[in-house]
Each structure stands twice: as structure tokens, then as C-alpha cells.
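The next block holds one structure in the form of C-alpha cells; read it before the comments.
Derivation of every value follows stated rules applied to the coordinates shown; laboratory data play no part. For clarity, every value in this text was computed on a predicted model and none was experimentally measured. Reconstructed Cβ throughout: ideal geometry from the backbone, glycine too, with neighbour counts over all protein chains shown.
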2 protein chains.
Amino acid sequence: MTTSATDDLWGEAGPGSRRILEAALTAFAARGYHGASTRDIAAAAGMSPAAVYAHHRTKEDLLYAISLAGHRSALTAVERALWEEVTPVGRVRALVHDYTAWHARHHLLARVVQYELGALAPDHRDEILRLRRRTEEVVLDEIAAGIASGAFRTEDPDGVALAVLSLGVDVSRWYAPGGQHTPVSLGRRYATLVLAMLGTDHRSATAG
Amino acid sequence: MTTSATDDLWGEAGPGSRRILEAALTAFAARGYHGASTRDIAAAAGMSPAAVYAHHRTKEDLLYAISLAGHRSALTAVERALWEEVTPVGRVRALVHDYTAWHARHHLLARVVQYELGALAPDHRDEILRLRRRTEEVVLDEIAAGIASGAFRTEDPDGVALAVLSLGVDVSRWYAPGGQHTPVSLGRRYATLVLAMLGTDHRSATAG
DNA sequence: CCTACCGATCGGTAGG
DNA sequence: CCTACCGATCGGTAGG
């Protein structure tokens, strides 16, 4: 359950390009892709309306870059959650914890990435959906492994996987920092609920 | 767990007004409030661009009418779920089942109602949020009642309530008719998962 | 990265 | 519920 604070979300993008991407992320999260104008974004980045196009080909390209970076970050978080865990209970607990916490910690990014897929060009959307499918498969695989080993006794592994992904994604809809929840507190709670769905007594595993 | 097929979603609205509301619902669900133009909506209703304003004051009024009807429908569904159930397990099962099934059955309406709140005028949004809070309280109350009676043994009733609402809402994000799920199959699965979260052996209760 | 600008589309209104 | 239309704003480009 490591937290990555040094991740470089925007890769090789220059400082001007980054400021625009950050502004676009905030604007898209607040008002949606269609509700945010390129002028909004440029102004929030402290630039002229046309500056957006010095760094990015189109408005849709901004959304594509954000969606790609966000889904890659989520997939990395999910893979990293498994690094130091060996038992089925430990692995699923870490997986649910980190996937949930990722959506809380990056709730603006997650919101754009999860709810604005429909505004992407078809080929861009397809690419993003392939990334998301990989994340889904990690969850399915870990649940299947726990069942095969006898650690879980659910009759509906697909339903639990669906619930894990659904609970995580939905966090980005309602989460607000400064409220009663933190990424870690929420991660712990959902991990416990999911282990209950899997027919595992969570108290038999060491708490993180 | 009754299904209401005779609900009148649009109340006293006339036939022209209804066609526009239906078209707006479809357009908002497909492209979002800001992504759907009043011309799109009018064309889908088979009318001229200006016809929208013969029936509705503004575009935001369309969203408000849809949001109000949708949240009232969801609240009614949740209250109706409890009518014939007396045991805590039966009541929570029916509640989760019907709340989940509502979001699948009315997935386009639910999507607009749950994800376009930000586009509402502040006073309209406040009114809608009050309706949603009533739905949330029904869930919280039923879980609390089951704990008080000794039927549930969870340590995190608020977390389970959050999960119930979150799982239900998120159905409207990904659900598509004609897929592997139906409103009823999904309702059953989620009800079972939630009873597991509550520390109840679901097989001890009679299946619906 | 800016100034200046383009054609298209937007929500909404006048008048019937 | 239609035709005709308005001012504002949109995504994007030219030229530097």
C-alpha cells in the first residue's frame, strides 16, 4: 500500500504545456468537457486564449492527454498495490485500498478520466478503454486467485469485482477534501467491506 | 419489491412538453447538459428550434424538471420497496434490490439526475439535494434498525450505507440494456453483496 | 506565446 | 408551435 508522491503525471510536457493541462483538468472536472471553454482554460493558466493551441492541437487533445495520464496512473497504482503482498487477503485488501484511495486523492483527475470518456474521439476512447480493461483484469485475477486458493468463498466473484471497481470510480463523483473522509480512511473501510463480500473474516488478517 | 410501470414521470405536462422532455433526457444522457443544444433537443422532438421555449422557460428549466422527476421517482421506488417487508434482512434486501434496479431500468434518467447536478441553478440544485438526502436517510435508517434488532453485525453502518448508495448510482454510469445484466439480476447480486457486508448470512433469508 | 480575427453555433426572443 | 433573427460565445487560425 505505497503512496506515490513523485509520479510525473504529464511526462515530457514543458512548463507551459503543463500549466494548460492542469488548468484544463480543473476546468473539465468543475464544469465538464463541453462546459469548459478553451478561453476558461487559457485564463486559468494565465495566458491568452490562443496560447492553448501553441501547445495542444485541439481541445479534444487536452482531454485525451489527461485521460491517458489518468488511466495510466490508476493502473500503476493498482499494480503497485500488489508488490509487497503475498496472501490473497493482503493482496485484495491492498488493491481495494489503493484503488479507492487513488480515486479520492486524485478526485478531480479521476472525475474527468471516468466521466468524460464520451467526449473523446472514437480511436482515443478505444485506447483509453483498453487501459481501463487492464485495471479491471487485475481485480478479476486477484479475486479468482483467492477463490482458487480457498481464501475466499463467494458465489459471485464477478459481482464482487464489479462492486470493487464501481465503488472506487464513484468516489470521484462525491469525494471532497476537508470532509469526514480521507483517501486512507475510505480505502480502509471499502477494503473491509469487500473482504466481507468475499466471505473472509477481515479480523483474521493483520491491519495495515 | 414491486415494479412500477404506471408511474407518470412528467406529471401534468402536455404532449408537446413531454416530447421535449423525453428528447432532452436522451440528449443530456448522451452528451451531457452542456454538450446537448436546444436545437438537438427540438429536432429530436420533431419541432422547430424555438418550440422548446413555447413549453419551457430556459434550457436549465428542462434539466430542473428532469432532475426533479427523476429524484422523486427514485425516492418513491425506495419507499415502495419497504411496503411489504417486515424483517430487517427482507427490508434491506428489497431496498438495495429496488434502488439498484431503478438505476438500471432508468439508466438514462438516472445518469442525468446524478451527474448533471452541477449544471443546475443553485436554488434548484439545493432542492434536488434535499430530495436525495431523504433517499439516503431511508438507507441509513434501515441499516440502523437492523443493527438495533441484532440482525446485522457490521462495525461500519455508515460505510455500508455509503456503499449501497454508491453502487446504485454508479450503475447508471455503465449499465446498457442488452448486455449480460438485467435490472433484476443486478439488484439480486448487489442485495446479496450488501447483506454480506452487514454480516448476515443471506441464505438464511427467503429469496425473492 | 500574443494580437487580431474568422465562421459556426449557441441560448433565447419578437411577432405572429 | 413556426419563421426570422439577435448578441454572445465558441473552437480554431493567420501572422508574427
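Inter-copy label distances at residue B:150, shortest first and taken from points set 7 Å along Cα to Cβ: 3.4 nm.
Multiplying each eigenvalue of the alpha-carbon gyration tensor of chain B by 5 and taking the square root yields semi-axes of 35, 16, 14 Å, largest first, rounded to whole angstroms.
What FRET efficiency comes out for the pair residue B:149/residue A:43, r = Cβ-Cβ distance, R0 = 45 Å, nearest 0.05? Spell out each step's value before the answer.
Values: r = 57 Å, r/R0 = 1.27.
E(calc), rounded to 0.05, equals 0.20.
Can you give the helix-only mean residue ellipticity at 222 nm for chain A, where every DSSP H stretch with n ≥ 4 adds -39500 (n - 2.57) and the sum goes over all residues, rounded to the nearest 500 deg cm²/dmol? Present the calculation step by step, with values, prior to reporting the outcome.
Working: 9 runs with 137 residues, N = 208.
Counting only the DSSP helices, I get -21500 deg cm²/dmol.
Comment: the Cα-to-Cβ extended label point of residue B:11, at 7 Å, lies 5.1 nm from its counterparts in the other copies, nearest first.
Taking a ≥ b ≥ c as the square roots of the eigenvalues of the Cα gyration tensor of the protein assembly as shown, is the shape rounded (a/c under 1.5), prolate (a/b larger than b/c) or oblate? Walk me through the numbers on the way to the answer.
On the way: a/c = 2.09, a/b = 1.13, b/c = 1.85.
In terms of gyration-tensor shape, oblate.
Taking R0 as 60 Å, what's the FRET efficiency between residue A:54 and residue B:83 from their Cβ-Cβ distance, rounded to 0.05? Please list the in-between numbers first.
Numbers: r = 62 Å, r/R0 = 1.03.
My answer for the efficiency is 0.45.
Diffusion coefficient (Stokes-Einstein, Kirkwood radius over C-alpha pairs, 37 °C, 0.692 mPa s) for the stretch B:14-56: 333 µm²/s, rounded to a whole number.
Rank these for me by crowding, A:9, A:129, B:167, A:62, going from fewest to most other beta carbons within 10 Å.
Details: A:9 17, A:129 12, B:167 23, A:62 26.
Taking fewest neighbouring Cβ atoms as first place, the list is A:129, A:9, B:167, A:62.
In a simple Cβ point-charge model (Lys, Arg +1; Asp, Glu -1; nothing else charged), chain A has a dipole of about 580 debye relative to its Cα centre. Distances from residue B:130 to the same position in the other copies: list them in nm, one decimal, shortest first, using label points 7 Å from Cα along Cα→Cβ. So the distances to the same position in the other copies read 5.1 nm. The alpha carbon convex hull volume per residue for the stretch B:92-135 rounds to 62 Å³.
Of all complete DSSP H helices in chain B, those with a Cα span along the helix axis of 20 Å or greater and a mean Kyte-Doolittle hydropathy of -1.0 or more are B:15-31, B:59-81, B:88-105, B:122-148, B:157-174, B:183-197.
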